[in-house]
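Heads up: the structure comes next, in structure tokens.
Since every read-out is calculated from the coordinates, none of them should be taken as a lab result. In this text, all values refer to a predicted model and were calculated from it rather than measured experimentally. Here Cβ is always computed from backbone atoms with ideal geometry, including for glycine, and neighbour counts include all displayed protein chains.
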Amino acid sequence: MFSLERWLEVFEAINKNKLRTFLTGFSVATGILILVLLLGVGEGMKNGVEEQFQRDAANQISVYTGVTGVEYKGLNPGRRIQFKNNDYDLLVENFGDELEYKSSVYRIWTGLTSYKDKSGSYRLEGVLPNYQFLERAGMIEGRFINENDQANSTKNVVIGKKVREELFEDKNPLGKLIEIRDINFKVVGVFQDPGGDREESKVFMAISTMQKVFGAGQDIRNLSFTLPQEESFDVALEKSNQLISKLEAMLKAKHTVSPLDNSAINISNSIENSKRFYDLTANIKLFFWLIGLASLLAGIIGVSNIMLIIVKERTKEIGIRKALGAKPMSIVGMVLHESIFVTAVSGFMGLIVGLVLLEFVGPMINTEFISNPEVSFNIAISTVIVLVLAGAVAGFFPAWRGAKIKPINALREE
Amino acid sequence: MIEIKDLHKSYKIGKNSLHVLKGINFSVEEGELVSIMGSSGSGKSTLLNILGMLDEADLGTYHLDGVEIKNLTEKIAANYRNKFLGFIFQSFNLINYKSALDNVALPLYYQNINRKERMERAMSYLEKVGLADWAKHLPNELSGGQKQRVAIARALAGQPKVILADELTGALDSTTSYEIMHLIQEINDEGKTILVVTHEEDIAQMTKRIVNLKDGVIIDDRKIEQVKALANV
């Protein structure tokens with residue numbers, strides 16, 4: 001089937017029919033190229049939209065305390081509930097495996113902060129290292145609070161971009177000492193936050209540091225955590241509701257709060273907001289699947305069309321070859337061999353050009369809604385293989401018909 | 001060499017059946033040079049197609065070199081054509097993207113002969129038809145007469161038992177026609193069996209035997225005094 005003689009024959013035909021080969025190859029290559037670019041842009045668009053709506057995606061749950069509203073077990077209403085570190089431990093012990101990111105938070109609403117002659121009043125938050133992801137704080141310089149800061153209660157702080165601009169202007173803040181409420185802290189990092197100025201005028205430190213330095217003992221203002229993204233909104237909703245009701249019951253029991261009390265323990269869940277995001281990504285996925293399938297189909301039709309034309313064009317040659325003793329299968333083999341070879345080679349060329357374009361030009365186009373356009377190599381390769389196979393199947397029938405034509409009829413063709 | 005008995009062939013055209021060959025009895029000995037003559041519609045092309053296994057008869061028997069030709073599958077027909085027959089056509093039917101040499105070598109490709117030997121043999125046949133210097137040329141760089149010579153070399157290359165020529169001079173002027181017929185006579189003189197379909201009387205006179213077809217039957221079959229083509233060039 002794949003003898004050297006056949007290859008020589010095919011190469012001769014390719015060599016002597018440069019225009020035909022070029023046109024076939026060109027259309028297959030551009031088809032693949034467009035397909036790859038389309039898939040890439042689709043992926044980029046999905047990435048972009050995901051980035052844009054990432055805040056919405058997070059099923060962030062926050063638990064904070066208030067004042068009891070109903071009398072319970074002889075305790076009067078109006079009693080203030082205070083979370084301690086062991087409430088956080090309770091959360092981690094019981095639900096640690098189901099959570100994505102988690103942190104306890106202690107907050108001081110205003111903290112006078114100064115560096116040399118500049119000063120400002122900022123929100124102080126004591127947090128755990130995970131809080132970076134809960135806040136979606138992106139580090140511009142340095143690092144976020146880490147486990148070491150928490151374990152040793154180091155006086156390291158991470159400041160927001162706004163804080164940096166106000167205190168340091170264009171000087172490098174890393175390693176500098178700033179004074180917060182007359183106590184020296186070392187700046188180890190600067191963060192930015194998609195929430196803008198308000199979110200960026202904050203100062204973070206380890207919660208253990210904050211509790212010690214500002215005399216908060218074991219107190220915690222709230223528990224903050226996220227659940228991982230699920231396949232669909234319904235699954236996410238069910239999981240979060242289950243977890244919330246269990247956690248609420250546990251905390252109420254621990255703090256002797258009536259199960260009917262609505263004000264002592266408050267849980268805010270952002271999952272309803274994420275519904276839009278789940279719908280959106282599902283729709284985008286569907287949309288680009290459809291586009292991908294449609295372009296694949298168009299590609300298959302295009303390749304089939306070319307094959308049909310090639311066979312038609314070669315009818316007379318087929319007649320001559322048959323008169324000279326070519327067997328039908330050898331005709332089919334010859335036509336398919338040539339076209340599969342041409343489509344495969346040009347398909348891969350289109351693929352490579354597409355991947356190179358995505359690789360090098362992709363990062364340059366970073367508009368709001370397209371980010372990091374890329375296409376999985378496996379998908380791209382399978383697309384090429386599908387196209388080549390489709391071309392072969394589509395080419396087989398005309399080739400077979402061509403081989404079946406009586407030579408005398410084929411020879412009359414002009 | 002060729003033995004045909006009571007050959008019938010009809011074509012269906014719509015509802016009507018057209019009886020083209022109505023009982024042909026005909027035989028050709030080895031080394032003969034026969035012309036089949038007749039006006040258009042006489043059935044001469046149909047006869048040639050059946051002889052060339054490009055078409056099959058409805059009735060009757062056909063033996064070629066002692067082998068009975070019947071119930072041909074495409075594959076077997078291809079095999080027989082390759083082994084037994086060489087074709088020469090009015091419109092040359094060379095593959096236009098192949099050089100003269102490669103065209104001549106093509107039947108040998110289908111005999112599974114290796115490339116080197118193919119080229120050597122093809123070259124010797126090109127020399128025989130006087131076109132060795134044109135081996136690398138494409139068909140469209142050759143004159144009509146030269147194309148037909150290439151086609152003759154190709155028909156010879158497969159070393160067939162019989163050469164079938166369909167109006168081989170139909171597209172050529174008379175001088176070139178006679179040159180081609182001279183070549184055919186030479187090949188015949190070396191012992192090759194050749195059948196020529198023609199409607200030109202002067203071409204027929206250059207063969208050794210004329211078979212006249214009319215309305216699907218042979219009306220006349222006679223040996224003649226061969227006119228040497230060279231005398232007319």
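Before moving on, here are some points about what is shown:
- Alpha-carbon geometry of the stretch A:100-227: the Rg and the Dmax are 13.3, 44 Å, given in that order.
- Full extension of the chain segment joining A:ILE34 with A:LYS16 gains 3.6 nm, where the gain is 0.36 nm per residue of separation less the Cα-Cα distance.
- Chain A: most fluctuating residue of A:LYS162, A:LYS312, A:LYS102 per GNM, C-alpha cutoff 10 Å: A:LYS312
- Cross-link table B:LYS44/B:LYS128; B:LYS5/B:LYS147; B:LYS128/B:LYS208, entries beyond 26 Å C-alpha to C-alpha: B:LYS44/B:LYS128; B:LYS5/B:LYS147
- Normalising by residue count, the stretch A:297-376 has a Cα convex hull of 113 Å³ per residue.
- Mean-square fluctuations from a GNM of chain A, with a 10 angstrom spring cutoff on Cα atoms, peak among A:ARG198, A:ARG136, A:ARG164 at A:ARG198.
- Computed from Cα positions, the angle between helix A:18-52 and the longest principal axis of chain A comes to roughly 10 degrees.
- Positive-end residue, the protein assembly as shown charge dipole about Cα centroid, Cβ charges, pick of B:ALA157, A:ILE340, A:PRO194: A:PRO194
- Charge dipole magnitude, Cβ of K and R +1, D and E -1 - the stretch A:302-386, Cα centre, debye nearest 20: 780
- log₁₀ of I(q)/I(0) at q = 0.18, 0.27 Å⁻¹ - the stretch B:101-146, Debye sum with one point per alpha carbon: -0.51, -0.97
- Cα coordinate range in the stretch B:64-189, projected on the principal axes (Å, largest first): 41, 33, 26
- Taken along the Cα-to-beta-carbon direction at a fixed 7 Å, the label points for B:SER40 and A:GLU231 span 7.3 nm.
- In the stretch A:286-414, taking the dipole from charged Cβ atoms about the Cα centre, the farthest positive-side position among A:TRP289, A:LEU351, A:ILE306 is held by A:ILE306.
- Whether the stretch B:17-84 is rounded, prolate or oblate, judged on the alpha carbon gyration tensor where a/c under 1.5 counts as rounded: oblate
- Averaged over the residues of B:150-160, the number of partner chain Cβ atoms lying within 10 Å of the residue Cβ comes to 1.
- Here the Gaussian network model covers chain B, with springs between Cα atoms less than 10 Å apart; of B:ILE24, B:ILE76, B:ILE203, B:ILE76 fluctuates the most.
- For the protein assembly as shown, the spread of Cα positions along each principal axis, largest first, Å: 137, 55, 34
- Global geometry of the stretch A:159-231, whether rounded, prolate or oblate, following the gyration tensor of its Cα atoms and the 1.5 cut on a/c: oblate
- The eigenvalues of the Cα gyration tensor, multiplied by 5 and square-rooted, give the stretch A:137-292 an equivalent ellipsoid with semi-axes of 35, 27, 12 Å from largest to smallest.
- On Cα atoms only, tilt of B:174-189 relative to the major axis of chain B in degrees: 80
- Between A:THR256 and B:ASP202, the simple spin-label model (points 7 angstrom out along Cα→Cβ) gives 13.3 nm.
- Rounded if a/c under 1.5, otherwise prolate or oblate - the stretch B:132-192, Cα gyration tensor axes: oblate
- Computed from label points 7 Å out along Cα-Cβ, the spacing between A:SER376 and B:ASN16 is 6.6 nm.
- With Cα atoms as the point set, the stretch A:163-203 shows a radius of gyration and Dmax of 10.6, 30 Å.
- Rounded to 5, percent antiparallel among DSSP beta bridges of the protein assembly as shown: 70
- Radius of gyration and maximum dimension Dmax of the stretch A:225-384, Cα, Å: 29.4, 100
- Over 28 Å (Cα to Cα) - which of A:LYS404/B:LYS12; A:LYS73/A:LYS275; A:LYS84/A:LYS202; A:LYS404/B:LYS116 fall in this group: A:LYS73/A:LYS275; A:LYS404/B:LYS116
- Taking the alpha carbon gyration tensor of chain B, multiplying each eigenvalue by 5 and rooting it gives semi-axes of 29, 21, 16 Å, largest first.
- Computed over the stretch B:1-119, Kirkwood Rh from alpha-carbon pairs, angstrom: 16.3
- Long pairs among B:LYS75/B:LYS214; A:LYS102/A:LYS155; A:LYS18/A:LYS285, criterion Cα-Cα beyond 31 Å: B:LYS75/B:LYS214; A:LYS18/A:LYS285
- For the stretch B:145-233, the fraction of alpha-carbon pairs lying more than 17 Å apart is 47 percent, rounded to a whole number.
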